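Have a look at the structure below, then the notes.
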Amino acid sequence: MNIDLRKLISVTILPTILLLCSYIFIAQLAQPLPNAIHVILPYLPFVIFIIGMVLSWIFHHSREFNLFLLFAIIYIALNKYIWTPEEKIDFQFAHLLLVSLIPINYLLNCLLKDRGILNRYGIRRFVILAVQLYFIAWVLENPIPQLKEVLSAVYFKHSIFKLTPLTQPLLIALTITCIVVFIQLLKTSSILIAGIFSSLIAIITALHFYQEPQLAIIFTLLAGLLILMSITINAYSLAYLDELTNLPSRRALTQSISTLGKRYCIAMVDIDHFKKFNDKYGHDIGDQVLKKLSSQLRKVTGGKAFRYGGEEFTILFPNKDLHEASLFCNELCRDVADNPFVLRSKKRPKTKQQNSNQKHEQDEDKLLKITISIGLSERTENLISSEAVIKQADNALYIAKKKGRNQVAVKV
């Protein structure tokens, strides 16, 4: 399993900070709140759930839509059956049944693909959730003692299990669910999965504190906020980040230029003979080359790189003149040329055992030299608009290619 550690950290750092802060200040969160906040707090989760469902609907996120629906159901059930019971029911049994909804629905979210809301796949999710709710309502009116015994069974005699009202069968189910969702997060490094995983931790905490309504409300609210935040960040990423290279996109370039002053340079970067490379080695290898170049572009001193389109990139040098920017661009050209792309042999052994048995059959890895051409231009009194500067940089790029490629051309 290949893990993009850099991306994984970027998608988990904010949810981690929010969760850690909530646990660090948990004693303060349990204290009586100012009257104004105390009055509106019970209604805030509904506001977050409604906003979350609307955004999930807009962006066609059926998993997140169903989780917001699940949170709303759990929150309503806590109010109806546990905090302000309207009927004479076994509230401990009600709590067990509510907790059991979490592993069932989170695991279903992992197994079922996100294929929309108002179609047969989305309706199937609603039907599954509705069946669970009907079963819980029926069981509360027609108790099944054997089911309560199964959900509250004790397998291990240890004092640590007395720290939580969550029973051992449910703790086992929740642990398995956390592991499954975490593995999915490691595989995808997705901000949406990070939101789902962190919301799982928050909603479990809420049900742990089910006997303290204020804390339960706050952590239910946090569960919704974490998913809402992940949807918002994901929408931003789709709009402003290139999916393949994870560099800012052309739209982000336009926005960044609009914030600059009157002094900046723009460099247009193009991979030499990239079409021939793609035709010879395939688009998968071509994508790997683009990713490798993007990692080098991120390290450019004094500038910020953007994916302009295809094999073309843009570097923005704020508050730099042509001389300064050209030094950075020439250094980039040398770095790219001096670091060839390693094309792995198809017969490369996957294990050490295969390596010892197949050394005589192994093809050598190929080192493919990748070079780039760069066209550089500066904003001047004659080139006032960013479009004019980019066009001038494009003309300079054409000159660099005409002169033999693997070089920087400057056009004033």
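Along the Cα→Cβ direction, 7 angstrom out, place labels at residue 110 and residue 36. What is the inter-label distance in nm?
Distance between label points: 4.4 nm.
What order do you get for 167, 188 when you list them from fewest to most C-beta neighbours inside 10 Å?
Fewest-to-most ranking of 167, 188: 188, 167.
What does the charge dipole of the chain about its Cα centre add up to, to the nearest 20 debye, if the Cβ of each Lys and Arg holds +1 and the Cβ of each Asp and Glu holds -1?
Once rounded to the nearest 20, the dipole reads 1240 debye.
Could you work out the relative contact order of the chain? I mean the mean sequence separation of Cα pairs under 8 Å and 6+ apart, divided by the number of residues, in percent.
In percent, rounded to a whole number, it is 13.
To make sure I understand, if each residue's beta carbon is the centre and we count other beta carbons within 10 Å, what order do 243, 381 fall in, fewest to most?
Listed from fewest to most nearby Cβ atoms, that is 381, 243.
Just add up the charged neighbours of residue 98: K/R +1, D/E -1, any other residue whose Cβ is under 14 Å from the Cβ of residue 98.
Overall, the nearby charge balance is +1.
Return 117, 50 ranked ascending by Cβ neighbour count within 10 Å, so the fewest neighbours appear first.
50, 117
How many percent of DSSP beta bridges within the chain run antiparallel, rounded to 5?
Rounded to the nearest five, the antiparallel share is 90 percent.
Taking 8 Å as the Cα distance limit and 6 or more residues as the minimum spacing, I'd like the relative contact order of the range 80-173 as a percentage.
30 percent
Rounded, prolate or oblate for the range 67-192? Axes are the square roots of the Cα gyration tensor eigenvalues, ordered a ≥ b ≥ c, and the cut-off for rounded is a/c under 1.5.
oblate
Using the Cβ atoms and a cut-off under 10 Å, what net charge is assigned to the surroundings of residue 188, where Lys and Arg are +1 and Asp and Glu are -1?
Local charge sum for residue 188: +1.
Hey, rough spin-label estimate for residue 338 and residue 84, points 7 angstrom out along Cα→Cβ, what's it come to in nanometres?
7.1 nm
When all alpha-carbon pairs of the range 5-240 are counted, what percent fall beyond 32 Å?
Value for the range 5-240 (Cα pairs over 32 Å): 19 percent.
In the range 22-52, what chymotrypsin sites (Phe, Trp or Tyr not before Pro) fall in a loop by DSSP, with at most 12 other Cβ atoms inside 10 Å?
The qualifying sites are 25.
Indicate the gyration tensor shape class of the range 120-221 (rounded, prolate or oblate), computed on the Cα atoms with a ≥ b ≥ c the square roots of the eigenvalues: a/c under 1.5 is rounded; otherwise a/b larger than b/c is prolate and the rest oblate.
oblate
Could I have the simple spin-label model distance between residue 405 and residue 324, label points 7 Å from Cα toward Cβ, reported in nm to one decimal?
It is 3.2 nm.
Take the alpha carbon gyration tensor of the range 1-121, find the square roots of its eigenvalues, order them as a ≥ b ≥ c, and report rounded if a/c is under 1.5; if not, report prolate when a/b exceeds b/c, else oblate.
Oblate, because a/c is 1.5 or more while a/b does not exceed b/c.
Which percent of Cα-Cα pairs in the chain sits in each 10 Å bin, short to long?
Result returned by the calculation: 4, 17, 22, 18, 16, 13, 8, 2, 0.
Out of the trypsin sites (Lys or Arg not before Pro) in the range 252-327, which ones are loop residues according to DSSP with at most 15 other C-beta atoms within 10 Å?
Filter output for the range 252-327: 262, 263, 298, 299.
Read-outs throughout are calculated quantities, based only on the coordinates presented, and are distinct from any laboratory measurement. For clarity, every value in this text was computed on a predicted model and none was experimentally measured. Cβ sites come from the backbone with ideal geometry, for glycine too, and all protein chains shown count toward neighbours.
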